[in-house]
1. So, of the residues in region 125-182 that are more than 16 Å from the chain's Cα centre (by Cα) and among the basic types (Lys, Arg), which turns out to be surrounded by the fewest Cβ atoms within 10 Å (Cβ to Cβ)?
2. For Asn54, which of the numbered conditions (1) surrounded by fewer than 21 Cβ atoms within 10 Å (Cβ to Cβ); (2) within 27 Å of the chain's Cα centre (by Cα); (3) assigned to a helix (DSSP H, G or I) fails to hold?
3. Quick check on my filter: what residues within region 245-271 are part of a helix (DSSP H, G or I), closer than 21 Å to Arg153 by Cβ and out of contact with any helix residue (DSSP H, G or I) (no Cβ under 6 Å at 6 or more places or on another chain)?
4. Within the group Pro237, Pro233, Pro226, which residue is under 12 Å from Arg286 (Cα atoms) and modelled with pLDDT under 55?
5. Across region 275-285, which residue is nearest to the chain's Cα centre (by Cα) among those that are surrounded by fewer than 18 Cβ atoms within 10 Å (Cβ to Cβ) and farther than 11 Å from Leu245 by Cβ?
6. Filter region 201-217 down to the residues that are at pLDDT 75 or above and loosely packed, with under 13 Cβ neighbours inside 10 Å and list them by number.
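The values are calculated or read from the model by the stated rules, or taken from the named source; none is laboratory data. Just so we're clear, the structure is a prediction, and the values are computed from it rather than from any experiment. FYI the Cβ positions are ideal-geometry reconstructions off the backbone, even for glycines, and counts take in every protein chain you see.
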Amino acid sequence: MVDGATLALRGLAAGLVLALVLAGTTAPRRARLALGPVLACLAAYLLRSAPQANGWPGVVLLPLSAGALLFPMAFWWLVRRAFDDRVDVPWWAWAGAAVVLAAGLLSRPADPALSLSADGPRLLQKLSAAGFVIAGLWRLWRGGAGDLVAGRRRLRTALLAYIGAHGLVVLAVEAALRGSPAPPWMDSLNVLAIALALAVTLGVMLELRAARVAALFGPDEAGLPPAPPRPAPAPAPDDDDAPWLGRLDALMRQDRAYRDPELTVASLAARLGLPEYRLRELIHRRLGHRNFPAFVNEHRLREVEERLADPACDRRPILTLALEAGFGSVGPFNRAFRERHGMSPSEYRSRRGSGMPAAGSAAGRR
């Protein structure tokens, strides 16, 4: 009876995945690229974890196993693309995916006599997969305070609750089972939780219009290095935001509030005398930034760029210039500078010194 109910739940969950794919055809390309890998890996997991799958041919099981194993990386990719507005995949992520795949496939030996030798690869696969999930959860939690998109902040909380309570528990249980099949009731509970999450996601997707989906995931061109802050418009009688934009611009450009490495939305709002939610709306809706760190880093990078272009600063270490501009350490500065210009700060300075144009800067300001 339990097996029949679980099979029905799997069919329902697979149908919900298909419905989500169809519902996403009208969503912006950025949303599809963020959600697509998660849905594909989830479908592979639902099929591969079914007891009936053990008798399927290897040509079918291999891609299903690979997709199921890569779900943690797909979750991490969803967080990176949809919440961090990043489209690059660092080398360590590719290496981690290779470890997850290799260890996961080795942990399912064809010969039962080799099951004990599979314990090492299985543990390595679970630890690597948990690393992706924890990295995604950490980014969801850490970036919440600086997220300027209201709907996306609420979505962070939902993903933290679901993935934190479900994804990590599943990995822990699978590691404890050491390759043995889960009890039928546990398998049913797992599939039921997946089906409920898919049903809620589908309901949200159907309720949201394409414009609101774009607001959550960003327009299709999002993910490029952020554009420089837009100049504040001249005050107009019918524009309630203009005076606040002018004060914000003066606070950032003249008072150089961005030099404070501990600057937050709350502290900047307090200095402006503006409610925090209004400042978030102002920076997002009027200046086009989706994350507060990107808004602040624009001002910090501009100061460093001006100093690198000034021959009087040639003897000053680049790290000193970055720290004075408000960057807390060299790592975030170098990463932000490379994303903006496509070169290191020292290369940028040397090109200026040799008279060559810093070609990457034009691309970085698209």
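1. Arg178
2. That leaves (2) as the condition not met.
3. Looking only at region 245-271, we keep the residues that are part of a helix (DSSP H, G or I), and these are 245-253, 257-259, 265-271.
If we keep only those that are closer than 21 Å to Arg153 by Cβ too, we end up with 248, 265-270.
If the condition is that a residue be part of a helix (DSSP H, G or I), closer than 21 Å to Arg153 by Cβ and out of contact with any helix residue (DSSP H, G or I) (no Cβ under 6 Å at 6 or more places or on another chain), then Leu248, Ser267, Leu268, Ala270 are the ones that fit.
4. On the way: Pro237 fails: under 12 Å from Arg286 (Cα atoms); Pro226 fails: under 12 Å from Arg286 (Cα atoms).
Criteria check complete, one pass: Pro233.
5. Start the filter on region 275-285 by keeping residues that are surrounded by fewer than 18 Cβ atoms within 10 Å (Cβ to Cβ), which leaves 275-278, 281, 285.
Now drop any that are not farther than 11 Å from Leu245 by Cβ, which leaves 275-278, 281.
Values: Pro275: 27, Glu276: 24, Tyr277: 23, Arg278: 25, Glu281: 21 Å.
Only one residue tops the list, namely Glu281.
6. Narrowing region 201-217 to residues at pLDDT 75 or above: 201-203.
Hit for region 201-217 is Gly203, nothing else.
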